[in-house]
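Here the structure comes first, spelled out in C-alpha cells, and everything after it is commentary.
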Amino acid sequence: MSRTALMLASRPRVSTDVRPLLRHRLLAAAGVLLVPAIVLATPGVADAAPTRDRADAGGGWLARQLDRDSRVIVGDFGPDYGLTADTVLALDAAGVAKVASRRATTRLKRHVVDYTGGGDANEYYAGSFAKLVVLAAERGTDPTSFGGSDRMNLVAELRGLECGTRGRNDCATGDDGRFSDISQYGDFSNVIGQSLALIGLERATKRGPSAAAIRFLRKQQCDNGAFPVTVGTGTCAGDVDATGFAVQALVAIGGGRSLAAAKDAGRWLGRQQHGNGSFTGTGTRNANSTALAAQAFDALDRTKRYRKARKFLRSLQVRCSGAPADRGSVLYNRAGNGDEVRATAQAVPALAGINLTELDHRGARRAAPRLAC
C-alpha cells in the first residue's frame, strides 16, 4: 500500500496521524522530553481469569502495554497519543480493562494540544481532531468539553478546519468539505482522516457532518470502487486501509448514494482479498490492512469475507508457544516485522467483530485477560 510523508514516523503501520518525522526531531531539538519506549506493567490493570477468546486476550495484552506512569503508549519519539487513542478503542471493542481505558482517556484529555498540534498553539491537525471525536463518541464523553485546554471543544475545532466554511478561505479550489490541516509543515490531511471525521460527527452530534464533507469523501472514490489515501494527486491509486475506513464512514452516513459507494468499495476490497483471507499493504500481507478490510466487511454484513479476514488475523496472534509476555498480541505479518502494539490495536476490534459505526465502551469489564494456556 502506498504511503505519503505523513506515515514516515513509524512504518510499517496504519496511521491516521498526520505529522512527518521532522516534527519529532524539532520537538527534540527544542528540549521537549522524549520518553524511552519502555513498557512496564500498568498499575490498576488487573488480570482476569485466563481466556480463550482471541479479542479478549489481545485486549488484555494491549492494556499491559500502557506505560505505568503516563498511562499512554510510549513510542520511539515519546508519548504516542494517536496510538493511545487506538488502544482505547481496541480495549472498548473487546470490552476489557475498563479502568485502564478510562485512565488513558483522561490522559488524552490533558494532552489535546500535544496530539492535535504537536504542542504548538498554531498547528491544527484534522486527522487528530477527527480521531478524538470518534473516541469521545464511543466513550460517551462530551466532545465539546474534552479536557480543559483551549481546544476542549473538539467538534468546533474540527468543523473549523472544514474547507469552504466561514474562516477557511485558504483551501484549494474544489476542496470544499475537506477537513484540512493548518500547519507550517504543509497539509497532510487525507481520506483516512476525512472518514474518521464523518464517523465522529455522525455519532457525536445531532447535525452530523455537512453535505459538502460527505460529497468530498465520495468524490475521492476511484472508478474501480477503491479509495486512495492521498487527496488531489491526479492518479487514483486504491488503498486497502483508506478504503476500509471510507466504507465504515459511508455506512455510518447512510443514504442511497453513500451506501452505493460503500458497496462498490466493498466489492473492490473483495477482489483484493487473498485466498488465506489476508490483505496486502506496504508490500506485505499484514494485520493492519486485513483488520480494516474486516471491519469494512462487517459494516457491510459481508460475513464470509469478514470471517476469512478474521481467520488470518487469528493466525498472526501469539499463542501458547510464544513467550508468556507476548501471548495474545498480534504480529504485523508472518515475518514478525512491524509495530506489534499498533498491529494488535488495529486487529482487536476486527477480532471482536466490532466496527467504528457501532463501537461502544459500555459493558466493559475491569480486568485484562491473559490467553489461557
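For region 127-186, which residues satisfy the criterion of being among the charged types (D, E, K, R) and within 18 Å of the chain's Cα centre (by Cα)?
Taking region 127-186 as the starting set, the residues that turn out to be among the charged types (D, E, K, R) are 131, 138-139, 142, 150-151, 157, 159, 162, 166, 168, 170, 175-176, 178, 181.
If the condition is that a residue be among the charged types (D, E, K, R) and within 18 Å of the chain's Cα centre (by Cα), then LYS131, GLU138, ARG139, ASP181 are the ones that fit.
Pick out, from region 99-166, the helices (runs of 4 or more DSSP H) lying fully within it that include 1 or more residues that are touching a Ser or Thr at 6+ places or on another chain (Cβ under 6 Å), modelled with pLDDT of 95 or more and crowded, with 23+ Cβ neighbours inside 10 Å. First the steps, then the outcome.
Details: elements: 112-117, 126-139, 154-160.
Fully inside region 99-166 and qualifying: 112-117, 126-139.
Kindly evaluate SER315 against the criterion of being open to solvent by 20 Å² or more (accessible area, probe 1.4 Å), at pLDDT 95 or above and within 25 Å of ASP53 (Cα to Cα). Yes. For the subset of region 48-95 comprising residues that are basic (Lys, Arg) and touching a helix residue (DSSP H, G or I) at 6+ places or on another chain (Cβ under 9 Å), which member is nearest to LYS311 (Cα to Cα)? Out of the qualifying residues, it is ARG54. For region 198-218, the criterion of being crowded, with 23+ Cβ neighbours inside 10 Å and acidic (Asp, Glu) is met by no residue. Restricting attention to region 57-88, and to residues there that are in contact with an Asp or Glu (Cβ under 7 Å, 6 or more places away or on another chain) and assigned to a helix (DSSP H, G or I), which single residue is surrounded by the fewest Cβ atoms within 10 Å (Cβ to Cβ)? Only one residue tops the list, namely TYR81.
Is it the case that region 193-203 has a residue that's within 25 Å of ALA137 (Cβ to Cβ), outside any loop (DSSP other than H, G, I, E, B) and of a type in the set (D, E, K, R)? Let's see the steps before the verdict.
Step one: of region 193-203, the residues within 25 Å of ALA137 (Cβ to Cβ) are 193-203.
So of that shortlist, the ones also outside any loop (DSSP other than H, G, I, E, B) come out as 193-203.
Then drop every residue that is not of a type in the set (D, E, K, R), which leaves 202-203.
Among the residues of region 193-203, at least one is within 25 Å of ALA137 (Cβ to Cβ), outside any loop (DSSP other than H, G, I, E, B) and of a type in the set (D, E, K, R), which makes the answer yes.
The set of residues in region 289-306 that are surrounded by fewer than 22 Cβ atoms within 10 Å (Cβ to Cβ) and either free of Cβ contacts under 8 Å to residues at least 24 places away in the same chain or hydroxyl-bearing (Ser, Thr, Tyr) (or both) comprises ASP301, THR303, LYS304.
The values are calculated or read from the model by the stated rules, or taken from the named source; none is laboratory data. None of these values were measured; they are calculated from a predicted model. Reconstructed Cβ throughout: ideal geometry from the backbone, glycine too, with neighbour counts over all protein chains shown. The protein model used for the area step is the full one, side chains on, heavy atoms only, and it has no ligands, DNA or RNA in it. Shrake-Rupley method; radii C 1.70, N 1.55, O 1.52, S 1.80 Å.
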